[in-house]
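One structure, pasted below without further comment.
The values are calculated or read from the model by the stated rules, or taken from the named source; none is laboratory data. Since the model is a prediction, treat every value here as computed from it, not as a measurement. Methodologically, a virtual Cβ is constructed for each residue, glycine included, from the backbone with ideal geometry; neighbour enumeration extends over all protein chains shown. To get the accessible areas, we keep the full protein, side chains included, count just its heavy atoms, and leave off ligands, DNA and RNA. Shrake-Rupley method; radii C 1.70, N 1.55, O 1.52, S 1.80 Å.
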Amino acid sequence: MQKITPRQIVLLGVTYVLNITMINLPSQIIMVAKQHAYMPYLIGGVIVLIMLFFLTRSSRRFPGQDLFQSMASRFPVIGRVIIMLYILFFFLILVRDIRIMTDFTNVILLPITPILIIGLCITATAIYIARGGVRTVLGITELYGPIMIFVIVAMPIIVFRDFNFRFMQPTLYVDWKGVAHGSWLSFSYVGQILVLPFIFSSKDYKFKYGLYSLLLSLGILVLLVLMTLLLLGVHISGRMMYPSYELVRQLRITDFLDRFDLFLVALWYPAVLLNLAISLYVVCYGLKTILSQVSGKMMAAPIGLFAYSCAFWFYQNSIQLFNFTRVWTLIGLLYILVLPLLIFAIHRPSKA
């Protein structure tokens, strides 16, 4: 079996944090944090990094196993309860992301196509990827991850001449209440990086890989929100549903490539489908850990279709989905703050 490389782990973490966060969160953070909308990502990232350290330390108790496996083997009852809670967490992420991508596709790309058909196609693709297992997920990540990172890092060079630095004023005045509100919104999205120790054993996964992945994700998110502010301003971007897409639409390389945004969306879209596949894979993998007689591959289709149904059951429209972000952090506190501390308390490596 081909060895899992640090590069693959880092890219998977970046992909899982970045692709949905960059489309769903910027307008909400800009609305509350104004010209300092980059700060909430950094504040939320510091807290998540501490929790990632605790989970990584906990995973070292059994070097040949990931956290799902070690929790199930060491604590047959409590461990399985914690695993079920995390399965529910990643299932809720899957449901949320299916609805986000369905609405984005319907609003931006396919306004005439029935929204139920769009959601079904997105879900079917995610199921197909997840059935391939972790090797398929890592392979696609290794293909699209570097492309997306390169494109985003190169964007400031293209749009620099259009930057208006007055949009960042007043620079020294910080609305700390708004920044704190923005940090509250970003916390649960950045916290998705905690998936790494649950699906990779400590033989493959080290804390520094999670650190690199988180730093790279935060750097790209900060870069994107700064470009959005410098091009569109606080008042316009804060009132857009998808300011990151509007940022991409501003790219003009030549008269021939005046719709360069379609090319970038074509690169980004498969990476977002990969996000859905990662969430679905984690749910199936967690269920297989506690129900060893059940095939994780066979569970992908029914769980994916159930998530598709829940996406339209839980969220009736895009506004409801956006408003749920405030509540989503309350849910995230349990999985990103409370449970990692509990796992570390009962599962940390012995001093001997």
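Return P(r) of region 102-198 (all Cα-Cα pairs; 10 Å bins starting at 0; whole %; ordered from short to long distances).
11, 18, 37, 25, 9, 0
What whole-number distance in Å separates the alpha-carbon centres of region 1-44 and region 194-236?
4 Å
Here is a further query. Taking only C-alpha pairs under 8 Å that are 6+ residues apart, what is the relative contact order of the chain in percent? Provide the component values of the computation, followed by the final result.
Values: 472 pairs, mean separation 143.2, N = 352.
Relative CO of the chain lands at 41 percent.
Report the local net charge at residue 307: Lys and Arg +1, Asp and Glu -1, summed over other residues whose C-beta lies under 11 Å from its C-beta.
So the surrounding residues net to +1.
Rg/Rh for region 77-152 to two decimals, with Rh computed the Kirkwood way over all alpha-carbon pairs. Display every interim value, and only then the final one.
On the way: Rg = 15.8 Å, Rh = 14.7 Å.
That ratio equals 1.07.
Here is a follow-up. Give me the Å³ per residue figure for the convex hull around the C-alpha atoms of the chain. Don't skip to the answer; put the middle values down first.
Working: hull volume 48.8 nm³, N = 352.
Roughly 139 Å³ of hull volume per residue.
How much accessible area per residue does region 274-330 have, in Å², with a 1.4 Å probe? If you can, show how the numbers build up before the last one.
Working: 2580 Å² over 57 residues.
Ligands and nucleic acids excluded, the result is 45 Å² per residue.
Could you give P(r) for region 1-124, binned at 5 Å from zero, as whole percent values over all Cα-Cα pairs?
Histogramming region 1-124 at 5 Å steps yields 2, 8, 11, 16, 17, 16, 13, 10, 6, 2, 0 percent.
Now for a different question. No solvent, one uniform scatterer per C-alpha: report log10 I(q)/I(0) for region 141-244 via the Debye equation at q = 0.14, 0.18, 0.25 1/Å, two decimals.
Debye intensities relative to I(0), on a log10 scale: -0.74, -1.08, -1.46.
Working from the pairwise distances between different alpha carbons, so that the mean of 1/r is found and then inverted, what is region 280-346's Kirkwood radius in Å?
Numbers: mean 1/r = 0.0697 Å⁻¹.
Hydrodynamic radius (Kirkwood, Cα pairs) of region 280-346 is 14.3 Å.
Of all the accessible heavy-atom surface of region 88-170, with the other protein chains kept in place and a 1.4 Å probe, what percent is carbon and sulfur?
On the way: 2870 of 3920 Å².
Carbon-and-sulfur percentage of accessible area, whole number: 73.
Suppose only helical runs count, i.e. DSSP H with n ≥ 4. What mean residue ellipticity at 222 nm does that imply for the chain under -39500 (n - 2.57) per run, divided by all residues and rounded to the nearest 500 deg cm²/dmol? Please report the intermediate quantities before stating the final value.
Details: 16 runs with 258 residues, N = 352.
Helices in the chain give a 222 nm mean residue ellipticity of -24500 deg cm²/dmol.
Counting other Cβ atoms within 10 Å, keep those with at most 16, restrict to DSSP loop, and tell me which chymotrypsin sites (Phe, Trp or Tyr not before Pro) in region 97-182 are left. Don't skip to the end; give the middle numbers.
Values: sites: 104, 128, 144, 150, 160, 163, 165, 167, 173, 176; in loops: 163, 173.
Within region 97-182, the qualifying chymotrypsin sites (Phe, Trp or Tyr not before Pro) (loop, at most 16 other Cβ atoms within 10 Å) are 163, 173.
Taking a probe of 1.4 Å, how large is the accessible area per residue of region 107-224, in Å²? Mind dumping the intermediate values first?
Working: 5770 Å² over 118 residues.
Computed with neighbouring chains in place, this is 49 Å² per residue.
Right, next: Going through region 207-299, which chymotrypsin sites (Phe, Trp or Tyr not before Pro) have at most 15 other Cβ atoms within 10 Å and a DSSP loop state? Mind showing how you got there, number by number?
Working: sites: 207, 209, 212, 245, 256, 260, 263, 268, 281, 285; in loops: 256.
Hits after loop and neighbour filter: 256.
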